[in-house]
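Have a look at the structure below before the remarks.
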Amino acid sequence: MGDTSETAGRAGQSPTAHLAKTIVAAFRGLPAGELEGYLRSHDLNTWNDTYRWLDTSGLELYFLARLKALALENLLPQPILDRMERNFADNKIRTAGIIQEFVRVNEALQREHLTYCNVKGIALAPVSCPELTLRRQLNLDFILSASEIERCRQVLFQLGYSATSSSRHFCEFHPNPDLIHPRTNIYQRTIPNSIAIYLVSGEAQGIERAPYSMLMRRQLQTLDGYTFPAPNEPDHFIAQAIRILGQVGIEWSRLAFLWEFKVCLQFRQNDPSFWQRVHEGAQEHPLRPLAIATAARLAAEIFGGDIPLPLRESAASQLDPRVRSWSERHGWDSILTGFPGTTLQTLLEQEMGADSQQ
């Protein structure tokens, strides 16, 4: 896809696309002097036109933190900086509330001795997300033994949640209206939008048992002195990759997921024992090597940096040729779309369906 500092200034692009690529360039380690020049080239109208993309991408507060680290935040138009600062202040309060609810739900599940673990979200801290107040946390996600779903349903009902959708592999619960303050915005709301339960079966055989094996390898993780069950570190990395594969070409609105994966790649760059365990876990299901290769390739292309040495061969050999072609032709521009749906969706329908319950 080429160097972002060059593509950010490519002639013929719309001002919105130009600014969106400038924003991503900040995450690629663009020198402060070059980034300063790009930031100065955008006026308030362009920022207003691009703000929805920045907000829905999940990158807004990460971007603000990056500018502050470079002492460049004052190059933003004052109304834009003020809006980001308000969102950051609100999100700190929101994050504290979400963590409080996270603890309340976990304690209730533990009292019932359910076989479960947290996945994604808060459980990504601190490796993929060193500072949770920069993350736009929307939901709580859990993996649960399918045989215990009725007990889980009762626990969540007592906490004020009602099931809104369910299938063999998935149940979603939304908070009852009396828990929600109707006037709060996305950064102020201190309870999750929903609780997602991914159901895995101990009766599954062969490759279909892989998600249950992941649950059985769960370990205890600690956040601010509170201990909770989560996938072990290699399994959580694999789960991140599967999530990214499931949303590539469909939901680029949450580009922050790919950024958090990139942070994890950097953190584990020189950890051979970790990559060996990832390799072993990836062999449990044929979709996993494809997911890891795709996520690693796109993270490097969009956010820059090297793919860790243990993944380089697989990132080339395991990547579906159709995905590689899409990535090279459309991957960069696809991150600027303000709506779901790209040509990759059709290419990946069969691959994603095979392991979507993980």
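Descending by average beta-carbon neighbour count within 10 Å, the peptides 117-125, 193-201, 27-35 line up as 117-125, 193-201, 27-35, the highest first.
Sort 269-278, 62-71, 228-237 for me by packing, meaning the mean count of neighbouring Cβ atoms within 10 Å per residue, highest on top. Write out the running numbers ahead of the final one.
Working: 269-278: 14.9, 62-71: 16.8, 228-237: 22.0.
Result, highest mean first: 228-237, 62-71, 269-278.
With q set to 0.15, 0.17, 0.20 Å⁻¹, the log10 of I(q)/I(0) for the range 97-138, from the Debye formula over equal scatterers at the Cα positions, is -0.41, -0.51, -0.67. Placing +1 on each Lys and Arg Cβ and -1 on each Asp and Glu Cβ, with no other charges, gives the range 88-209 a dipole about its Cα centre of roughly 340 debye. Rg/Rh, computed from the Cα trace of the range 19-110 with Rh as the Kirkwood radius, has the value 1.10.
When the range 86-235 is described by a simple charge dipole with +1 on each Lys and Arg Cβ and -1 on each Asp and Glu Cβ, the residue from Asn91, Gln205, Pro175 located farthest towards its positive end is Asn91.
Given the Cα atoms of the range 30-73, and with Rh set as the inverse mean 1/r over their pairs in the Kirkwood sense, what is Rg to Rh to two decimals?
Details: Rg = 10.8 Å, Rh = 11.2 Å.
Using Cα coordinates only, the ratio equals 0.97.
No solvent, one uniform scatterer per C-alpha: report log10 I(q)/I(0) for the range 135-249 via the Debye equation at q = 0.09, 0.12, 0.14, 0.23 1/Å, two decimals. Values returned for q = 0.09, 0.12, 0.14, 0.23 Å⁻¹ are -0.29, -0.52, -0.72, -1.45. What would the Debye equation give as log₁₀ I(q)/I(0) for the range 218-306 at q = 0.16, 0.24, 0.25 Å⁻¹, counting only Cα atoms as equal point scatterers? Debye curve over Cα of the range 218-306, log10 I(q)/I(0) at q = 0.16, 0.24, 0.25 Å⁻¹: -0.67, -1.27, -1.33. Dipole size of the range 27-82 about its Cα centre, with +1 on Lys/Arg Cβ and -1 on Asp/Glu Cβ: approximately 180 debye, rounded to the nearest 20. Using R₀ = 35 Å, calculate the FRET efficiency as 1/(1 + (r/R₀)^6) where r is the Cβ-Cβ separation of Asn139 and Gln269; round to 0.05. Plugging the Cβ-Cβ distance into 1/(1 + (r/R0)^6) gives 0.75. Counting pairs of Cα atoms in the range 55-154, how many percent are more than 15 Å apart? Above the 15 Å cut-off, the range 55-154 has 68 percent of its Cα pairs.
Bear in mind that the values in this text are calculations on the coordinates, not laboratory data. This structure is a prediction, so every number in the text was calculated from the model and none was measured. No Cβ is skipped: glycine too gets one built from the backbone with ideal geometry, and neighbour counts run over all protein chains shown.
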